[in-house]
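Asker: One structure, as structure tokens, below. Some questions next.
The values are calculated or read from the model by the stated rules, or taken from the named source; none is laboratory data. Remember, predicted model here, so these are calculated numbers, not experimental data. Backbone-built Cβ (ideal geometry, glycine too); neighbour counts: all protein chains shown. The area values use the complete protein model at the heavy-atom level, side chains included, leaving out ligands, DNA and RNA. Shrake-Rupley method; radii C 1.70, N 1.55, O 1.52, S 1.80 Å.
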Amino acid sequence: MPTEALPKNREPLDGYFGRFFELLRGGLASGGSELGLPMTLFSLAVSTRATQLVEIGRFKGLSTVALASALKFNDIGWDEPRQHKQRPGMDYAAFEAPRRRRLVSIDLCPTAEATEAIEQAGLSDYVLMVNERSDAVRLTSPIDILFIDGDHTYQGCSEDVLRYVPQVRPGGYFILHDYFGWYDAEGRNNSPIKRVIDELSPERFPRLLIDTGYQSFAVFRRPDPRIGA
């Protein structure tokens, strides 16, 4: 897609919001995602104290920076009041303990902008860049959060779902971007990603469509039978 200057995104932010928000806003580009996506990815990964993340599709590194930043924030950590630690099935010492955190970023067509964004943010230690087709990658660790935004054909997206979602741990999440798009002359939404999303059983995978007013995305959760949800 043609590039745009987007001058508003280059203006310095109020110091209250910090360098992180500047990087996200400044990372918006034609053909990439809207700001709501990296904000949500960061929030979800922090909220769940995620350890193992996988993204399929890196483009210019906006989602990569958001997810890797969440891992860095989780490493820095925070204290929750003792009153919050009520759930009898939770091992809070293990849940809050330091762990090895990594984002596996898969993209067949790496861009210099993505590498520069990751290095500029100082996040290289959190990111393993795998510059291959997603169907050539073999992962062994359970995935806490899986972000699928690579092949945007119906077949390609479907195959990524079939291949990678079984590796998402019970209670983990996966996200598909671009629910809206590919409009025809009558204004009908012909997004192939919408078709994939609509075919996923809500009984099997509870989901939430985040309508940002732009491309939008769906967040799915793999149920955890141990907690009955």
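Asker: Check the stretch 73-86 and report whether any residue there is farther than 29 Å from LEU176 by Cβ and of a type in the set (A, V, I, L, M).
Answerer: yes
Asker: List every residue pair whose Cβ atoms lie under 9 Å apart, where the two residues are 6 or more positions apart in sequence or sit on different chains, the first residue falls within the stretch 129-154 and is of a type in the set (Ser, Thr, Tyr), and the second residue, located anywhere, is open to solvent by 20 Å² or more (accessible area, probe 1.4 Å) and part of a strand (DSSP E or B).
Answerer: Correct list of pairs: SER141/GLN52; SER141/ARG102.
Asker: When you check ILE193 against the structure, is it open to solvent by 50 Å² or more (accessible area, probe 1.4 Å) and in contact (Cβ under 8 Å) with a residue 12 or more places away in the chain, yes or no?
Answerer: no
Asker: Restricting to the stretch 119-149, name every residue that is farther than 30 Å from PRO225 by Cα and among the small types (Gly, Ala, Ser).
Answerer: Answer for the stretch 119-149, where residues must be farther than 30 Å from PRO225 by Cα and among the small types (Gly, Ala, Ser): ALA121, GLY122, SER124, ALA136.
Asker: Open to solvent by less than 30 Å² (accessible area, probe 1.4 Å), closer than 21 Å to THR212 by Cα and in a helix (DSSP H, G or I) - does that describe any residue in the stretch 14-25?
Answerer: Yes, that holds for at least one residue.
Asker: When the residues of the stretch 128-152 are filtered to those that are small (Gly, Ala, Ser) and surrounded by 20 or more Cβ atoms within 10 Å (Cβ to Cβ), which remaining residue is nearest to the chain's Cα centre (by Cα)?
Answerer: Filtering the stretch 128-152 for residues that are small (Gly, Ala, Ser) and surrounded by 20 or more Cβ atoms within 10 Å (Cβ to Cβ), the one nearest to the chain's Cα centre (by Cα) comes out as GLY150.
Asker: Okay, next question. Looking at the stretch 86-127, which of the residues that are acidic (Asp, Glu) and over 16 Å from the mean Cα position of the chain (by Cα) is least open to solvent (accessible area, probe 1.4 Å)?
Answerer: GLU96
Asker: Select from the stretch 210-228 the residues that are assigned to a strand (DSSP E or B) and either surrounded by fewer than 14 Cβ atoms within 10 Å (Cβ to Cβ) or among the charged types (D, E, K, R) (or both) and list them in ascending order.
Answerer: Correct list: ARG221 only.
Asker: Still on this structure: Name the residues in the stretch 26-50 that are assigned to a loop (DSSP other than H, G, I, E, B), surrounded by fewer than 19 Cβ atoms within 10 Å (Cβ to Cβ) and of a type in the set (S, T, N, Q), would you?
Answerer: Correct list: SER30, THR48.
Asker: Just checking, does the stretch 189-196 include any residue being of a type in the set (A, V, I, L, M) and more than 20 Å from GLY36 (Cα to Cα)?
Answerer: Yes, the conditions are met somewhere in the stretch 189-196.
Asker: Also, I was wondering about something else. Considering only residues that are charged (D, E, K, R), in contact (Cβ under 8 Å) with a residue 40 or more places away in the chain and more than 19 Å from VAL165 (Cβ to Cβ), which ones fall in the stretch 20-57?
Answerer: Selection gives GLU34, ARG49.
Asker: Taking the stretch 53-62 as the region of interest, how many residues are farther than 8 Å from ILE106 by Cβ and open to solvent by less than 10 Å² (accessible area, probe 1.4 Å)?
Answerer: Number satisfying all stated conditions: 2.
To keep it simple, each residue is scored yes or no on (1) in contact with a helix residue (DSSP H, G or I) (Cβ under 9 Å, 6 or more places away or on another chain); (2) free of Cβ contacts under 8 Å to residues at least 24 places away in the same chain; (3) of a type outside the set (D, E, K, R).
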{"site": "SER63", "(1), (2), (3)": "yes, no, yes"}
{"site": "GLN83", "(1), (2), (3)": "no, yes, yes"}
{"site": "MET90", "(1), (2), (3)": "no, yes, yes"}
{"site": "ALA97", "(1), (2), (3)": "no, yes, yes"}
{"site": "ARG100", "(1), (2), (3)": "no, no, no"}
